[in-house]
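First up is the structure itself, then whatever we jot down about it.
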Amino acid sequence: MSADKYVQVVVNLPLKSEFDYFVPRSLHSKVDLGKRVWVPFRNRTIVGYIVGITEKSRIKKIKEIKSVIDDTPIISPEILELTRWISEYYFCSRGEAIEAALASPFKKGKTQVRVRAGGSPYPVLENLSGKTKDNILTAHQDKALNEISEHLNREEFGVFLLHGITASGKTEVYFGAIEQTLAKNRQAIVFVPEIALTPQTLERFTEKFGKDLIALIHSRLSKSEKFVEWQRIKSEQAKIVIGPRSAIFAPVKHLGLIVVDEEHENTYKQEDAPRYHLVNTAIKRAEISNAVVILGSATPSLESMYSAKQKDFVFIELPERIEGRDLPQVQVVDMRYQRRSAKRPLILSKVLEDNIAQCLKNKEQVILFLNRRGFSTFVQCPKCGYVEKCPKCNVAVVYHFDRQQLVCHHCSYHTQAGQVCPECSAGYIRYLGTGTQKVESELYRLFPQACIGRMDSDALKEKNAHFEIFDDFKSGKIDILVGTQMLAKGLDIPNVTLVGVISADVTLNLPDFRASERTFSLLTQVAGRAGRGKTPGRVIIQTYTPEHYAIKCALNHDYNDFYKQEIVFRKQLKLPPYTHLINIILRSKNKEMLINNSHKLFDILSRHNKKQVILMGPVPAPVSKLRGNFRWLIIAKCSDILQANKLLGRCFEQWKAHSNVKVTVDVDPRAIG
Ligand code: ADP
Ligand code: ZN
């Protein structure tokens, strides 16, 4: 008679513990680490994940598992290890981390996916077959690749920061590293900030390696499409996975290389539980598999550059554009001294307008960048000063011209746009502030003969819209493309000779300690779209704060100078990379209860704190009301996240016993609050 069997199971609830279950003898041969089981849990039956198997249990009144869902484990030992680390570092439960790691076809205990035969989700890629001729590497590319190769050959963990200015040929270095990885019979994962926005990157990878070797993971894929890609990766038919941050959980068996393109991008941080940052998580996954990580960017994040200076990462550099092309000439226009008409708002300065006209005359193309969607960004009554706000979020609503609606950009609230002030009944209300739609309409007025396209998340709602807009721009059908930060990524169109930034101040004025970094990097990235062909490019930046160092450094394309100035300020204020931040956000519909409980939690934390953290707050969060909930904030600064999380865990236990307020913890947040 063999011994008894017990399994340790975690569930997708914000509960820190593992639960023991007894395994009936009939299921002994079926249980395995990484398989799902149906288990009784608080009068329900729910899905659990097996994370341990033992012959003993200390639990007296133990329940037994009902059935085993999977024939083979759907979570590999590497991913089990990774999710354990995620739960400890990003302060979530192991079950939540595992649930996030599952591809959608496997969530909620599902097993069957009906796979319908059909075309590729990327029709435009169908005809690309991997037979372009190879470029001869430049000396810089060659040197960069050599350093990485040495590591790849030793099959040893290592992190490289590849700082390459725009159009310096970073992709070619990725290609070389991938080729070597495949030659060693290992697989690669390539991350792009948002796959829908980088059709050109996809095209180049497909051209290079052929679509049979590539698996695309993408939020717009249907469940059955995702299932197919998942199987292709697991069976090692697909050797290269391209995807957004969730691809970190792809069932790659023999991982050799991880590439994170545009590593500085905000989209690499997940905004709901588990709130992981891809760069950090990718490094952990590579460490587990003895793989190499390449972080590529023209504007590395302060954290990554700091790690390179500390020699935690190997620093490699591509300091020149391909074929010795010049970086575009940048001109800053001081909007304070522009002549304006009484009749309409000043959107385009005379210089920018003239330059656009000149481009159109030369049959060259233009990109105009404004990081704000919608038509008017706030609506105000000139008589009583009333500003229309979202009733649930306490932020100004944005007027959308195409829908004739006032829309909240934080929740789904929207209302019909009216002419009458709801406060004082004055018969006219003003639509102020400029979004991409207003720029578009101004362009129609100024250049009626031009073909104008818009690329922002409103325009991209349809499944393949991004490919269509992109194709029309690439083929020259669109003369001027207006858009948000989506434009800053990956576009490599030789005929673009002018890039205009409508307002550099939009990101600069955000209440965020990364505002300067974001502004510098967006300006540099978007400027990098100009002059990638034979004709030199030109960039015009409109701003009300031309003296700001983020703008001055972007003007000179000087990353190093920017880093030097910004890092001093981070050091003085004890901000990342000199410390880690943890946002503790409390929320409730009942404001008084919220304030009371925020103070209570703060007191408990202060009492137990033995210098693991520096505590600040409690204060109302920068977004003080969201979707009907009031929000308060406690900030913890620390040098050791795991230590700090232990403290938080203990204090929350004590506090939760008397509190109905909801709390979320965001480790290494993008912004405070
Ligand atoms: P980055 O990602 O650094 O902005 P890309 O990888 O997009 O730059 O390269 C810019 C352009 O230069 C692309 O059109 C690419 O095909 C071309 N290119 C890259 N390396 C070489 C090379 N060694 N020889 C010729 N052209 C190259
Ligand atoms: Zn809202």
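The helix-only estimate of mean residue ellipticity at 222 nm for the chain, built from DSSP H runs of length n ≥ 4 each weighted as -39500 (n - 2.57), is -9000 deg cm²/dmol after division by the residue total. The angle separating the long axis of helix 591-608 from the principal Cα axis of greatest extent in the chain is about 60 degrees. Each of Ala3 and Ser457 was given a label point 7 Å from its Cα along the Cα-to-Cβ line. The distance between the two points is 5.2 nm.
Among the DSSP beta bridges whose two residues both lie in the chain, what percent are antiparallel, rounded to the nearest 5?
Taking every DSSP beta bridge with both residues in the chain, the antiparallel ones total about 50 percent.
Would you mind classifying the stretch 135-323 by shape? Square roots of the alpha carbon gyration tensor eigenvalues, ordered a ≥ b ≥ c; an a/c under 1.5 is rounded, otherwise it is prolate if a/b is larger than b/c and oblate if not. Rounded. Identify the residues of the stretch 633-673 with backbone N under 18 Å of a label point that sits 7 angstrom from the Cα of Arg42 along the Cα-to-Cβ direction, or state none. What the label zone holds, given the 18 Å backbone N cut-off, is 652-664.
Listed by Cβ neighbour count within 10 Å, with the fewest neighbours leading, Met616, Met335 appear as Met616, Met335.
Other residues whose C-beta falls under 10 angstrom from the C-beta of His410 contribute a net charge of +3, scoring Lys and Arg +1 and Asp and Glu -1.
Taking a straight line from the alpha carbon of Lys234, these lysines sit under 23 Å away, with near neighbours fewer than eight places off in the same chain left out: Lys30, Lys35, Lys107, Lys108, Lys110, Lys184, Lys208, Lys211, Lys223, Lys226, Lys253, Lys284.
Approximating the spin labels as points 7 Å out from Cα along Cα→Cβ, the Lys574-to-Ala183 distance works out to 5.1 nm.
Per-residue extension of 0.36 nm, minus the Cα-Cα distance of Lys343 and Ser412, leaves a gain of 21.5 nm for this segment.
The slack between Arg403 and Glu423, meaning 0.36 nm per residue of separation minus the straight C-alpha distance, is 4.9 nm. Placing a pseudo-label 7 Å from each Cα along the Cα-to-Cβ vector at Met593 and Lys253 gives an inter-label distance of 5.3 nm. Listing Tyr444, Tyr399, Tyr578 from fewest to most neighbouring C-beta atoms within 10 Å gives Tyr444, Tyr578, Tyr399. Helix 465-474 and the long axis of the chain differ in direction by around 40°, with both axes built from C-alpha atoms. Around the Cα centre of the stretch 580-667, unit charges on the Cβ atoms of Lys, Arg, Asp and Glu (plus for the first two, minus for the last two) sum to a dipole of about 160 debye. Kindly state, to the nearest 0.05, the FRET efficiency for Glu236 paired with Glu155, given R0 = 22 Å and r defined as their beta-carbon distance. The value I calculate is 0.85. In this calculation the C-beta distance from Val351 to Asn146 is compared with R0 = 56 Å, giving a FRET efficiency of 0.80. Angle of helix 77-89 to the longest C-alpha principal axis of the chain, folded into 0 to 90 degrees and rounded to 10: 70°.
Exposure proxy for Asp492, Asp334: other Cβ atoms within 10 Å of each Cβ, ordered fewest to most, give Asp334, Asp492. In the chain, the alpha-carbon atoms span a convex hull of 185 Å³ per residue. Taking 0.36 nm per residue of sequence separation and removing the Cα-Cα distance, the Gln358/Ser17 pair yields an extension gain of 116.2 nm. Taking a ≥ b ≥ c as the square roots of the Cα gyration tensor eigenvalues, with a/c under 1.5 meaning rounded and otherwise prolate when a/b beats b/c, else oblate, which class fits the stretch 356-420? Prolate is the answer for the stretch 356-420, as a/c is 1.5 or above and a/b outweighs b/c.
If you wrap the stretch 580-667 in the convex hull of its Cα atoms and look at it from every side, the mean projected area works out to 5.0 nm². Our note on the geometry: Cα centres of the stretch 1-61 and the stretch 295-309, 43 Å apart.
The numbers here are math on the coordinates, done by the rules we state, and not lab data. Here the structure is a predicted model, which means the values were calculated and not measured. Glycine gets a Cβ as well: all are built from the backbone with ideal geometry, and neighbour counts include every protein chain shown.
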